[in-house]
Amino acid sequence: MTQPNVYWTLLTPLVTFIGLYSNCPEGGQLSPAQISWFERELKSAPEDRALIVAVHHPVYSAYGPKPGSQHLYSVLESAVLTAGRLPDLVLSRNVHNYQRFGGVLNGKTVPMIVAGAGGYNKQLHVLSKAFHNAKLPISMTGSNGSWRASATASTAICESR
């Protein structure tokens, strides 16, 4: 499907998808124009169906050098407060494995899934060393949650405390 812009909204009978563009500059940054657009899209999204936000860079990640984008978290939190609308799910990729978190936005837990399994190789994106032998739960940087999965697994679950 061809979209006219790098960020977009897709309306379906059951779900509204809002796709954000976080690739340039690298690291999960969004331009002020895109942030304003995102707030408007959140506010105008139909309330009779689920709302899913998709973005390349993850808000949370158990990948060592890139533990998630605090900028994206701030954007999501601010947009949710401004629009008065909470997404039902946040999807991301960038890290080449599967991780699942319960991120807190506006005081409520929202599932946040990192599903970047395509192109995985063992050296590319490994879990931070803190996750290898640590006792669980582990607090996540910038999170009101904790990672509760096996420290050696590629699946992460972050639940609200």
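For Ser61, Ser74, what's the largest-to-smallest order of accessible area, 1.4 Å probe?
Details: Ser61 5, Ser74 70 Å².
Ranking Ser61, Ser74 by accessible area, largest first, yields Ser74, Ser61.
Neighbours of Thr82 by Cβ distance under 11 Å: Lys/Arg scored +1, Asp/Glu scored -1, total +1. For Glu39, the accessible area of its heavy atoms, probed at 1.4 Å with every protein chain present, is near 40 square angstrom.
Summarising the amide proton neighbourhood of Val104: residues at separation of 5 or more, or on other chains, whose placed amide H is nearer than 5 Å comprise Val110, Asn144. Near Thr16, the amide H atoms lying under 5 Å from its own belong to Ala50, Leu51, Ile52; only residues 5 or more places off or on other chains count, and H is placed 1.01 Å from N.
The values are calculated or read from the model by the stated rules, or taken from the named source; none is laboratory data. Quick caveat: nothing in here was measured; it's all calculated off a predicted structure. Ideal geometry is used to build each Cβ from the backbone, glycine not excepted, and the neighbour counts take in all protein chains shown. Accessible surface is based on the protein model in full, side chains and every heavy atom, while ligands, DNA and RNA are left aside. Shrake-Rupley method; radii C 1.70, N 1.55, O 1.52, S 1.80 Å.
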